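I have placed the structure first, in the form of structure tokens, so that the comments after it can refer back to it.
The values are calculated or read from the model by the stated rules, or taken from the named source; none is laboratory data. Remember, it's a predicted structure, so these values are computed and weren't measured experimentally. Using ideal geometry, Cβ is built from the backbone for each residue, glycine included, and neighbour counts are taken over all protein chains shown. Please note that ligands, DNA and RNA were not included when accessible areas were found on the heavy atoms of the full protein model with its side chains. Shrake-Rupley method; radii C 1.70, N 1.55, O 1.52, S 1.80 Å.
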Amino acid sequence: MAAAGEERRPQEHAGARVDSAAMRVLVTGASGFVGSALVEELRHGDRAYEVHPLGREEGDLADEGVADEALAGFQPDVVAHAAARIGVLRCEEEPLLALRSNVLATTRVAQACASHGARLAYLSTADVYGIAAVADEETPPAPASLYALTKLWGEEAARLYAPQGLVILRLGNPYGPGVDPAQGKGALPSMVQQAERRERIPAFRGEARAWCWIGDICRAVRLVLESDQEGVFNVGSDGDPVSLMDVARIACELAGAPTDLIDEVEPPAGRAAPRIGIHRLRALGWRPEVGLEDGLRMLLEAWRPAPA
């Protein structure tokens, strides 16, 4: 570890194995859904690491110098880059912001990792596989939306500027507390909240996904970082997909709401829901622990006020 104020040279550290018990991790997007959960997992999981959360209030990573300053100050061994603009519709509505958040910011982060000798772990999305029915890590990407395209370009920027020790984590359908449904994020949190409030529940016709609890997702990311392996990892559930209609019915059952609140609607263009293979992840001993119904129940309990 470099002394205080001394910048490590990339050739002395990049790609070298780090003692996981002493790993220093900088997490971007730490005020977001996945980033905040990952910070908690790294701080309080099976091993506790020295973690620096980097949130929106600390600057725009797409601005020149913000990422470089953050790495120079903390000197991380690993940067888990979770900051992103997520969602098909949200990226279509603001394409320049999608490009800035998912491509330019990732480029800045990757360049800073190379300059400061930090390993980059880029949190991408399984949406990059597009309409593929089943996708493992060898399946060629074929993005079907601007969101997926910008995340794939982020992957390419990471490969270009920070290839040493690079890990690309393609997350598949994470869900859990910490998502604000009012911002148009997260089908499952939205459905649970709508059922609880007895509001109409739109469910996309014909769409089915294998959802994965955010705690299981973050535990998987930690295991990959500890393994010191490189390359692409699919991170999510490889279980049987569940239709959004069935998810809506479960949400109504848990909330005690009538199922006639559910409206089957046409999905927007560009939605993709490949079933992912997770052989590399399972080889590390990982498996999902929280089933869908239990996860939806925990979501509901997180919103309900605690009993007096």
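Give me the pairs, please: first residue somewhere in the stretch 128-144 and of a type in the set (A, V, I, L, M, F, W, C), second residue anywhere and loosely packed, with under 15 Cβ neighbours inside 10 Å, beta-carbon distance under 6 Å, and either six or more positions apart or on two chains.
144/131
Hey, could you check the stretch 83-112 for residues that are among the hydrophobic types (A, V, I, L, M, F, W, C), touching a Gly at 6+ places or on another chain (Cβ under 9 Å) and open to solvent by 20 Å² or more (accessible area, probe 1.4 Å) and say which is nearest to residue 24 (Cα to Cα)?
Once the filter is applied, the top-ranked residue is 83.
Considering only residues that are on the phi < 0 side of the Ramachandran plot and not in a helix (DSSP H, G or I), look in the stretch 205-214 and name the one that is surrounded by the fewest Cβ atoms within 10 Å (Cβ to Cβ).
Once the filter is applied, the top-ranked residue is 205.
What number goes with the only condition from (1) in a helix (DSSP H, G or I); (2) farther than 19 Å from residue 129 by Cβ; (3) in contact (Cβ under 8 Å) with a residue 40 or more places away in the chain; (4) open to solvent by less than 30 Å² (accessible area, probe 1.4 Å) that residue 217 does not pass?
(2)
Say we look at the stretch 164-191 and pick out the residues that are under 25 Å from residue 92 (Cα atoms), among the aliphatic types (A, V, I, L, M) and not in a loop (DSSP other than H, G, I, E, B); which of these is modelled with the lowest pLDDT?
182
Conditions: (1) at positive phi; (2) in contact (Cβ under 8 Å) with a residue 24 or more places away in the chain; (3) loosely packed, with under 15 Cβ neighbours inside 10 Å. Residue 65 meets all but one. Number of the miss?
Unmet condition: (2).
Can you tell me how many residues in the stretch 252-267 are of a type outside the set (Val, Ile, Thr), out of contact with any Asp or Glu (no Cβ under 6 Å at 6 or more places or on another chain) and either assigned to a strand (DSSP E or B) or closer than 12 Å to residue 202 by Cα (or both)? Walk me through it before giving the result.
As a first pass, look at the stretch 252-267 and keep what is of a type outside the set (Val, Ile, Thr): 252-258, 260-261, 263-264, 266-267.
Next, from what is left, pick out any that are out of contact with any Asp or Glu (no Cβ under 6 Å at 6 or more places or on another chain): 252-254, 256-258, 260-261, 263-264, 266.
So of that shortlist, the ones also either assigned to a strand (DSSP E or B) or closer than 12 Å to residue 202 by Cα (or both) come out as 260-261, 263-264, 266.
Count: 5.
Can you name the residue in the stretch 294-308 that is farther than 27 Å from residue 224 by Cβ and assigned to a helix (DSSP H, G or I) and is also modelled with the lowest pLDDT among such residues? Talk me through it step by step, then tell me what you get.
Going through the stretch 294-308, the residues farther than 27 Å from residue 224 by Cβ turn out to be 297, 300-301, 303-308.
Going one step further and asking which of them are assigned to a helix (DSSP H, G or I), we end up with 297, 300-301, 303.
Numbers: 297: 95, 300: 91, 301: 90, 303: 78.
Filtering first and then ranking leaves 303.
Let me confirm something: among 280, 275, which residue is modelled with pLDDT of 95 or more and either buried (at least 18 other Cβ atoms within 10 Å of the Cβ) or in contact with a Pro (Cβ under 8 Å, 6 or more places away or on another chain) (or both)? Quick ask: steps written out before the conclusion?
Working: 275 fails: modelled with pLDDT of 95 or more.
Just one listed residue meets the conditions, 280.
Could you grab me the full set of residues in the stretch 124-151 that are closer than 16 Å to residue 84 by Cα and either of a type in the set (S, T, N, Q) or in contact with a His (Cβ under 6 Å, 6 or more places away or on another chain) (or both)? Full working, then the answer.
First pass over the stretch 124-151, keeping only residues closer than 16 Å to residue 84 by Cα: 124-128, 145-151.
The answer is 124, 125, 145, 150.
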